[in-house]
Amino acid sequence: MTYDTTTNTILDSETLENNEELLTPLMAFSQQILLHEKEAEPLDMRCQAEPGNEEVAVDWIVEKVARCCRESKVGKKLPTAFYVHISALATLNPVLTIYENCARQNVPNIDAATLVKFQLRQPKISYLFYPDFDTDAHPALQRSIQINLETGEVKCIDYSNSDNPPVLHRKETFITADYPNYEKFARLTRSEEKWGLLDNTSVIGTREGWLKYLGYCGVEIQDHTVIQPAKEENSQLSIPKIERHKAAIIRNSISKPVRLVLEADLFIDGDTFFDYGCGYGGDIQHIGQEGYAASGWDPYYQPDSPQINADIVNIGYVINVIESLGERREALLNAWELTNKLLIVAAQVLIDDGERGQIAYGDGIITSWNTFQKYYEQEELKVYIDQVLNVDAIPVALGIYFVFRDAAEGQGFRASRLRSHLSTPRVRSQVKRFEDYAEMLAPLMAFVSDRGRLPVKGELAEESAIKGEFHSFNRAWRVILQATDADDWETIADKRRQDLLVYLALNGLGDRPSMRQLPAQIRNDIKGLFDNYQKACTLADLMLYSLGKSEIIGDCCEDSAIGYKLPGSLSVHVSALEELDPLLRLYEGCANRTIGRLDGATIIKFYANQPKISYLFYPDFDTNPHPVLHTSMHINLRGLSVSYQDYSNLPNPPILVKKEAFVATSYPHYQKFAKLSRQEEKLGIFDKWGGFKERELLNCLDENCVKIKGHRLFWRSDSDPEKLKMLQTTALERQQKKIEVNGGKSEGTAEGTEDGKEEGEE
C-alpha cells in the first residue's frame, strides 16, 4: 500500500519518564499481567523479567499479545496487524485490554480515536482517527498516533491535508454484530464482493486508487450502496471488444498446474478430473491417458459440455483473461462449487514491459490479439483467491495455487512439503531374533523412518501380524534396536521434530489451526514427538520470533556446514535446503508460503543482514561445469515485494563456481564438482579472476592454457611450450605448498600429458 505523505507531519515524538527513571508501558503491562495471571503463568513471566532477560521478555509479551489477537472473534486480522473498533475493546481478551490500557494511559488526545491497531511483531499500538466512520462508506484516515510500549516513544502523523490518504474497507470486520450500523456495512461489503471491487487489494488502499478503480469498474458508491450510473447516449467512450477465446493455446503436453498435481501424487485411483475453461481440451486428453475420468467445459470451444462435479478441478489461466470483475469472480466460484477435493487455480503473474504498446484496460491490458490479460502480483493473486473463496490457498509455484476442500487435507499437504527425505538406518549387528523376523519388521522400520515415532493403532497395515508375534510395537521395536544403532533413529526423530516446528511456525503467520483441525497423522506426530500441541506451538513461536533478529540469521548462515558463503549471504542448492538449520528453513518458508519459488529454482540465497531471499535458476547446473544464471527472483520478506531479472540475453552473464559448496556431500555429482574446483584452485584461477562471469572465466582459462571438458581440466595442446612449462611449474609449486599445509596429503593437479593429449584419447 502506498500513499502520499508529502503533506503529513510528525506532530509529536516523546519518551515517558517518571521520577527521572524510564517507565515504559511494557513494564506496566508486565506487572499487571502478573497480577492477572498469577496462577496461570507466574513462573514463565518471572523468568522473563529476570535481569538481563529484557529482550526475551519483550518477545514473549509480543507473542502472547499476537496469539490473543489471532484468537479474537472480533476485529480485522492481517498477517502483521490486528484492527478493532474502539467500541469493541471491552469484548477482547483481558490480556489485550490490559495491554491497550497501558498504552492509552501514556498517549494524549486519543478520546476521538476510531480504531486501535495492534502490531503483531513489535510492541506497538496505533490509534487511528476516522471521523466519518459511520457516515462515509469508505472513510479516510485523518490522523494516527503510535506508541512503542517498549520505549514509550509516541509518534503522530497527520493526514488531514493529504491528497491521497488511506481509506477503509469492510467496516463490519472492525465492530461487533450489535453495532448500530453493522448490517449496513456488511451489506455494502457483500455487494462490493459481488462486483469484484475488493479483489485488487494492491490499488484500493488509498482514496485515489479506490476512486480510480471504481471508475475502471464503471460504478459509484452512494450511501453504502453500489450504483452503476446510466451511460450517456453520446458518450465518446469506446469499449474494445474482447475476444477471450483467442487466449486459448494448443498444448502438446500437459499444463504445468495439472502436472504439479500429478507430481505431488494427489491423484488417487478412482479420482475424477474437470477442466473449467478447458480451451482446446489438452489437459483433458492427457489426464484421460493417465487413466482418470476427465471432462471439461469452455464457453467458446465446448459450450454444450455439462459442468459436473469432480474430485480435482482445474481453472488454469482463466481468471486472468476475463475483463469483467463480476464474471471473473463468478468463474472462480463456479469452479469451486464443482470441486470435491482439490481446486487448481493458475493465473499470469509476470507483468510485461509497458513499452510494447499494450492498451491499459480495467485492471489489466488488452493485447494486440484483442485478448485481455490481468497480470497479478503473486501475493495479490493469493489474497484474491482467499477472499473470494474464504480459504487459505497454498502456493506451489508462481501463479499456481492449490485449494483443498478439506482443510485438514490441506494442512497435511503443507506439512508434507516440509518433510526431509530420510532413509532407513542400516542393520549393524547380527541378531538371530531380528534375522528371523526381518521381513515382518521391515514395515515397522519403514514407518519409524518416515514419521520418527512408533505407529498408533490403525496406522500400520501389518499391525496384526507384528502384534501377533511380539504382542506390542514396543517389544518389536526393542528387537530392532538390538540390530541397529539407536543414535541413527534418534537423528531421524530429531529431524522430524524440526520438520514439524517449521510447519507449525509457518502456520503461526496466519490463523494457526487447532489440534482438532489437523490431520490424524500429524496429531499423532505431535503427540509422539512433543507430548502435546501447546508445547510444540510454543517452541515454534520462539523460532518464528527469532527470525526478527538479523544477528541470529547471520550466525546460522555463518555456521552452516553446507552452502557457498560470501560476506552477508549464504547460497545453497534446493536439494540441500532440508539439511540446513531449522531457522533457515523457516526463513525460506516465510517467502515460499505466500510467494512460492521461482520456476525451476536451483539456488536459494539467504541474506544475513536484510530480510531477503533470492531464488536463482541455473538450467544446466548438473551438466555445465560453470552454469550460467538464467533468471532470478528476489523477495523482500518485510513487505513481500517481488522483483525479477532475466539474464538469458546478456552478453556476459553471471556463472557459478565451486558447485560442490552449494550441495550436500551425498549429492550424486558432488565428487565430480569438487575435483574440478581443486584443479582450478591449484592453478590459481580463482586468485586471478576478478568476478564470477562467463567472459572473465574464458579469458582466465585461456591465460592459463587450460580448457574444461566435462568436469575436468586439461592443458591445451596448442599452447606455447615455454609458457606451458612455466605454468606447470607454478602449478607444482602451488601443489607442494598445499601438501605442506595439508600435512602431506596430495590431491592432484591439472590432468593431461605434456603434448596436450587428453586422458581417454586413443
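Could the peptides 544-550, 666-672, 305-311 be put in order, highest first, of the mean number of other beta-carbon atoms found within 10 Å of their residues?
Output ranking for 544-550, 666-672, 305-311: 544-550, 305-311, 666-672.
How charged is the neighbourhood of Ile287? Take every other residue with its Cβ under 11 Å from the Cβ of Ile287, and add Lys/Arg as +1 and Asp/Glu as -1.
Charge balance near Ile287 sits at -3.
Relative to the compact-globule scaling 2.2 N^0.38 Å, provide the ratio for the alpha-carbon radius of gyration of segment 426-484.
Rounded to two decimals, the normalised Rg is 1.02.
Give me the distance in nm between label points sitting 7 Å out from Cα along the Cα-to-Cβ direction at Gln482 and Asn624, one decimal.
For Gln482 paired with Asn624, the spin-label model returns 5.7 nm.
How far apart, in nanometres, would the label points at Gln222 and Asn636 be if each is projected 7 angstrom from Cα along the Cα-to-Cβ direction?
Label-label distance for Gln222 and Asn636, simple model: 4.1 nm.
Mind ordering 167-179, 419-431 by average Cβ neighbours within 10 Å, highest first?
167-179, 419-431
Let me check I've understood the local charge: for Ser429, count other residues with C-beta under 12 angstrom from its C-beta, Lys and Arg +1, Asp and Glu -1. What total comes out?
+2
As a quick test, which of the pairs Lys605/Lys693; Lys73/Lys194; Lys73/Lys155 have an alpha carbon distance above 21 angstrom in this structure?
Lys73/Lys194; Lys73/Lys155
Compute the length gained on full extension between Glu409 and His471: take 0.36 nm times their separation in residues and subtract their Cα-Cα distance, giving the result in nm to one decimal.
Going from the current span to full extension adds 19.1 nm.
Given a Förster distance of 41 Å, report the FRET efficiency between Ser420 and Lys73 from their Cβ-Cβ distance, rounded to the nearest 0.05.
Step by step, r from the Cβ atoms, then E = 0.65.
Considering only Cα-Cα distances, which of the following residue pairs are longer than 18 Å: Lys77/Lys117; Lys495/Lys672; Lys77/Lys527; Lys658/Lys723?
Result: Lys495/Lys672; Lys77/Lys527; Lys658/Lys723 exceed 18 Å.
Would you please calculate the Kirkwood hydrodynamic radius of segment 513-625 over all C-alpha pairs and express it in Å, rounded to one decimal?
Taking the inverse mean of 1/r over all distinct Cα pairs, segment 513-625 comes out at 15.7 Å.
Please list, in chain and number order, the residues 5+ apart from Ala81 or on another chain whose amide H is under 5 Å from its amide H, with Hs placed from the backbone.
Close amide H contacts, sequence-distant or interchain: Leu120.
By the scheme Lys and Arg +1, Asp and Glu -1, what is the net charge of all other residues having a beta-carbon under 15 Å from that of Gln411?
Residues close to Gln411 contribute a combined charge of +3.
For the pair Lys709/Glu327, report the inter-label distance in nm, with labels modelled 7 Å from Cα in the Cβ direction.
Simple spin-label model gives 6.2 nm for this pair.
Could you give the semi-axes, largest first, of the ellipsoid that matches segment 100-146, computed as the square roots of 5 times the alpha carbon gyration tensor eigenvalues and rounded to whole Å?
21, 12, 8
Can you compute the FRET efficiency between Val203 and Ala112 using 1/(1 + (r/R0)^6), with r the Cβ-Cβ distance and R0 = 30 Å? Round to the nearest 0.05.
Rounded to the nearest 0.05, the efficiency is 0.55.
Expressed in nm to one decimal, what extension gain is obtained for the pair Arg190 and Lys432 from 0.36 nm per residue of sequence separation less their Cα-Cα distance?
Gain in length upon complete extension: 80.1 nm.
Could you list log10 I(q)/I(0) for segment 669-741 at q = 0.20, 0.26, 0.27 Å⁻¹, which the Debye formula gives when each Cα is one point scatterer?
-0.92, -1.35, -1.39
Check which residues have an amide H placed less than 5 Å from Asp275's amide H, if you skip close sequence neighbours.
Correct list: Ser295, Gly296, Trp297, Asn314.
Given a Förster radius of 30 Å and the C-beta distance between Asn93 and Ala264 as r, what FRET efficiency does 1/(1 + (r/R0)^6) yield to the nearest 0.05?
0.20
Here, each number is a calculation from the coordinates, and none is a lab measurement. Quick caveat: nothing in here was measured; it's all calculated off a predicted structure. In this analysis, Cβ positions are derived from the backbone assuming ideal geometry, glycine residues included, and neighbour counts consider all displayed protein chains.
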